[in-house]
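Beneath this line is the structure, given in structure tokens, with notes to follow.
The values are calculated or read from the model by the stated rules, or taken from the named source; none is laboratory data. In this text, all values refer to a predicted model and were calculated from it rather than measured experimentally. Neighbour counts are summed over all protein chains in view; Cβ atoms, including those assigned to glycine, are modelled from backbone coordinates with ideal geometry.
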Amino acid sequence: MIWHTKPNDNILATKVTLKRGFKAKAERLAKEYREQLNIHPCDPLSAFKLADHLSIPYYKATDFLSSPEHINLLSGVNGNACEWSALTMTTQAGNRIIIHNHYHSEVRQQSDVMHELAHIICEHEHKAPTHNNDLPFGMRNYDAEQEEEAKCLGSTLQLAKPGLLWARKRNMSYGDISEYFNASVDMVKYRMNITGIAKLAY
């Protein structure tokens, strides 16, 4: 059963209010997972390493696709970039797995997989009916509140506040932060603004 598909980056523009204390919880989880993996609070956290740690399998979409038409669409070989990024599925055995578009840039793959992990960590349940569309196209059902939580937690896991403060104190540019944490510049700007760190002066 397919229960979630990650939308494109326009989700960053949503205006859903998070539950009280959720942002603080996200920061705690970002710290705790780094501690469990023996990663410094200011160091990058790989989405794939976290998935391994949580015993959540992840696959390339091409592991499930056989149609040349779908593969060409996924890869954007015809010059049309594919916006489909990732989804989480529940197998018949009841296990959750992540399938992602490996044709996207490394920074986007990190964001996509971290977003899916956030849904799983939050134990989100899909409320829409099961779809029988061929993987991975055509599945576009979202719960706004769940998406906002996954956006918050996923981006926090990737760019935790201690790391952003560390980078800000060293006057690192957004580009430098992006490269260091393997995150998009847009994601860096989003986190710097949402945490208020962008307004700090040193």
Pick from the stretch 145-202 the residues that are touching an Asp or Glu at 6+ places or on another chain (Cβ under 7 Å) and under 16 Å from SER111 (Cα atoms): which of them is surrounded by the fewest Cβ atoms within 10 Å (Cβ to Cβ)?
ASP186
Assuming CYS42 fulfils every condition listed in (1) over 17 Å from GLU106 (Cβ atoms); (2) modelled with pLDDT under 95; (3) surrounded by 15 or more Cβ atoms within 10 Å (Cβ to Cβ) apart from one, which condition is it?
(2)
Mind telling me which of the residues LEU159, LEU153, LEU200 ends up being modelled with pLDDT under 95, out of contact with any Ser or Thr (no Cβ under 7 Å at 6 or more places or on another chain) and of a type outside the set (Val, Ile, Thr)?
LEU200
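When the stretch 85-100 is examined, which residues are found to be of a type outside the set (Val, Ile, Thr) and either surrounded by fewer than 16 Cβ atoms within 10 Å (Cβ to Cβ) or modelled with pLDDT of 90 or more (or both)?
The answer is GLN92, ALA93, GLY94, ASN95, ARG96, HIS100.
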Let me confirm something: among ALA81, ALA61, which residue is farther than 30 Å from GLU35 by Cβ, among the aliphatic types (A, V, I, L, M) and at pLDDT 85 or above?
ALA61
Do you know which of the residues in the stretch 1-30 that are exposed (fewer than 15 other Cβ atoms within 10 Å of the Cβ) and among the charged types (D, E, K, R) is modelled with the lowest pLDDT?
LYS15
ALA118: surrounded by 11 or more Cβ atoms within 10 Å (Cβ to Cβ) and at pLDDT below 90, yes or no?
no
